[in-house]
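Take a look at the structure below.
Each value in this text was obtained by applying a stated rule to the coordinates, not by laboratory testing. None of these values were measured; they are calculated from a predicted model. All Cβ positions, even for glycine, are placed from backbone atoms using ideal geometry, and neighbour counts span all protein chains on display.
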Amino acid sequence: MAQSLLVLHGPNLNLLGHREPDTYGHTTLEEIDAMLAELVAVRGAKLATFPSNHEGALVDRGQAARGDGTDFIVVNPAAFTHTSVALRDALAAVALPFVEVHLSNVHRREEFRHRSYLADLAVGVVCGLGVAGYRSAVSFALDYC
Ligand code: DQA
C-alpha cells in the first residue's frame, strides 16, 4: 500500500510569502505544498495537507489521522508549538510518528519560542532551514515509513 503523509500547518502560516519575509522567507504556503506534493508523488506516496489558524481544527484533523490510513505526520504547529497542550495530547493519542518543523531557528529568537509542547514526542525536530526543512522532513518521513 502507498505511504500516506499528513502535513499540518499551524496559525499564520497561510500568510507565508508576505509575513515577516526576513524571518520566514518569500515562499508561500501554496508553493511549499506544491513542492511537497511533487516530492511525495515521485515516490508514489500520498500527501494530505491541512492548514488552519484554529487549534481545535488542527486537533480534529490530527485525531482523524488515526483512522484514515496516515502513516506519518509532519507538523509546523507555529505559535501553538509554544502553547498547546491540546495539540500535544492529540498527537500523543494518535500515536503516529511525527516530525516538528519550523522555518525559523526558534532557538535564536525570543525565549518563549524555545519551549515546545510537542518536541519530546516527535521523532525529530527541524528548525532554521526554511523551506528546505519541510523538504527534509517529508523525505525523512518517506524513508521512515
Ligand atoms: C514558526 C516559529 C513559531 O515560533 C512561530 O510562532 C511561527 C512559525 C516557524 O516556522 O519558524 O508562526 O513555527
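Could you line up His9, His18, His82 from fewest to most neighbouring Cβ atoms inside 10 Å? Can you show the working numbers first?
Values: His9 24, His18 10, His82 16.
With the fewest neighbours first, His9, His18, His82 line up as His18, His82, His9.
Once Rh is set to the Kirkwood radius over Cα pairs, what Stokes-Einstein translational diffusion coefficient, in µm²/s, holds for region 82-123 at a temperature of 25 °C and a viscosity of 0.890 mPa s? The Stokes-Einstein estimate is 222 µm²/s.
Largest GNM mean-square fluctuation among Arg19, Arg109, Arg61, using the chain with Cα springs under 10 Å: Arg109. Taking amide hydrogens as placed 1.01 Å from N in the peptide plane, the amide H of Thr27 sits under 5 Å from those of Gly17, each at least 5 positions away in sequence or on another chain.
Explain nothing, just the number: dipole magnitude of the chain about its Cα centre with +1 on each Lys and Arg Cβ and -1 on each Asp and Glu Cβ, in debye rounded to the nearest 20. It would help to have the intermediate numbers written out before the result.
On the way: 11 positive and 16 negative charges, 31 e Å.
The calculation lands at about 140 debye.
Just checking the listed ones, Ala41, Ala79, Ala92: in the Gaussian network model of the chain with Cα springs under 10 Å, the one fluctuating most is Ala41. For the chain, just say rounded, prolate or oblate: build the C-alpha gyration tensor, square-root its eigenvalues into a ≥ b ≥ c, call rounded for a/c under 1.5, and beyond that prolate if a/b exceeds b/c, oblate if not. It comes out oblate by the Cα gyration axes. By the helix-only formula, in which each DSSP H run with n ≥ 4 contributes -39500 (n - 2.57) and the sum is divided by residues, the chain has a 222 nm mean residue ellipticity of -10500 deg cm²/dmol.
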